1. For helix 300-333, report the angle its Cα long axis makes with the longest principal axis of the Cα atoms of the chain; keep it between 0 and 90° and round to the nearest 10°.
2. Lys/Arg Cβ at +1, Asp/Glu Cβ at -1, dipole of the stretch 36-117 taken about the Cα centre: which of THR40, ILE108, TRP62 is farthest positive-ward?
3. Is the chain rounded, prolate or oblate when judged by the Cα gyration tensor, a ≥ b ≥ c being the square roots of its eigenvalues, rounded requiring a/c under 1.5 and prolate requiring a/b larger than b/c?
4. With the cut-off at 25 Å, tell me which of the pairs LYS72/LYS113; LYS113/LYS224; LYS72/LYS224 have Cα atoms farther apart than that.
5. What angle do you read, to the nearest 10 degrees and between 0 and 90, between the alpha-carbon axis of helix 69-94 and the longest principal axis of the chain?
6. So for each of 261-274, 145-158, 45-58 I average, over its residues, the number of other beta carbons within 10 Å; can you give me the resulting order with the highest mean first?
7. Relative contact order for the stretch 184-245: what percent, with Cα pairs under 8 Å and sequence separation of 6 or more?
8. Across the stretch 195-210, in residue order, what do the Karplus-derived ³J(HN,Hα) couplings come to in whole Hz, using 6.51 cos²θ - 1.76 cosθ + 1.60 with θ = phi - 60° and x for Gly and Pro?
Amino acid sequence: MSVAANPVPESLLEERFEATIARKDRIEPRDWMPEAYRRTLVRQVAQHAHSEIIGMQPEGAWIGRAPSLRRKAILLAKVQDEAGHGLYLYSAAETLGVSRDELTELLISGRQKYSSIFNYPTLSYADVGTIGWLVDGAAICNQVPLCRTSFGPYGRAMIRICKEESFHQRQGYELLLTMMRGTAEQRAMVQESVDRFWWPSLMMFGPPDDASPNTARSMAWGVKTHTNDELRQRFVDMTVPQADALGVTLPDPDLAWNEERGSYDFGQPDWDELWAVVAGDGPCNAQRVAHRTRAWSEGAWVREAALAYAARESAGHEADHGADHGADHGEDAA
Ligand code: BYC
């Protein structure tokens, strides 16, 4: 009996899908899924992958100006890790039926987004430390829960990414700690950097819940397991004691411990600024996308050569395989 002759009705498929989500099991690429679930995942996983790749630029700009060989080796390794994260995530997206080429075209034509944070410039070496501490710290708060997201390949990619992100966060903190133990000028550099990155780091979690069109649907599907505001609060609570230990001031006059809630109260970022940056109007949007576009077109010959090499290798293997078979028969005959 063929499957086509007796298809499972869509209502039953949907019921199974909902039951898997309710049990908090994983949806895998081979499973039936609603088209809107697939689209949501492609959107989020692609944006996430693009963020990792575009995120190489602000820090990568400092590799050639690292203050010591040790700092240069650390930064090189970190930026290389971000490339790896992008590749795991593009691979996860590919299991949803989209190709990396398609996604890159959507990024460079401005039809897909990447995290707002990478549209801010890095103006001093302290920014390398601040990105590690605040930006990777925010990324960890956001991404650790994503290890339990409902789509298998995305959740599994997140596990490895989070391990590397916590190393990134610590290297940033260690860099800032070293600078804070240095000269008055170095301490001022750290404070200036933290002042610039604090509010954009809070914006990484997305708009407030009441202005977030995707959260309710994504939570119901288990794609997101916490709301934007919940994770932002978790980040503030985690970061304030670290700022105290470091000896920097977070630039928010409303920051205060709330005994009743057992959490910090804090001020609101400028949400108009987030929307402007997301719409393409941030300080570095044009530069970031232009750089990515140039790298994509200048790398075209590398991709073509790699594909041609892979095709030749697999043709060679097939020929060898055929010859082996011949030899086997020959031996048998002998
Ligand atoms: N930036 O309904 P909402 C890293 C968009 S890389 C840009 O709340 P959602 C690292 C949002 O996409 C870390 N866009 O959306 C790398 C939506 O637009 P569309 C990257 C933003 O998806 C290198 C609209 O606004 N992390 O750590 O439910 C070096 C409405 O928002 C932003 C991830 O990608 C923003 N900040 O929630 C160092 C994490 N905020 O798509 C470090 C995975 C909102 O409807 N992503 N938008 O046109 C997520 O967790 C969620 O997608 C978000 C947004 C929390 C970001």
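The values are calculated or read from the model by the stated rules, or taken from the named source; none is laboratory data. Keep in mind that what you see is a predicted model, and the values were worked out from it rather than measured. Here Cβ is always computed from backbone atoms with ideal geometry, including for glycine, and neighbour counts include all displayed protein chains. Note: areas computed on protein heavy atoms with side chains; ligands, DNA, RNA excluded. Shrake-Rupley method; radii C 1.70, N 1.55, O 1.52, S 1.80 Å.
1. That helix lies at roughly 40 degrees to the long axis.
2. Result: TRP62.
3. oblate
4. Beyond 25 Å: LYS72/LYS113; LYS72/LYS224.
5. 50 degrees
6. Going by the mean number of other Cβ atoms within 10 Å, highest first, we get 45-58, 145-158, 261-274.
7. Computed value for the stretch 184-245: 26 percent relative contact order.
8. Each residue of the stretch 195-210 in turn: 4, 6, 8, 4, 5, x, 5, 5, 6, 4, 6, x, x, x, 3, 6 Hz.
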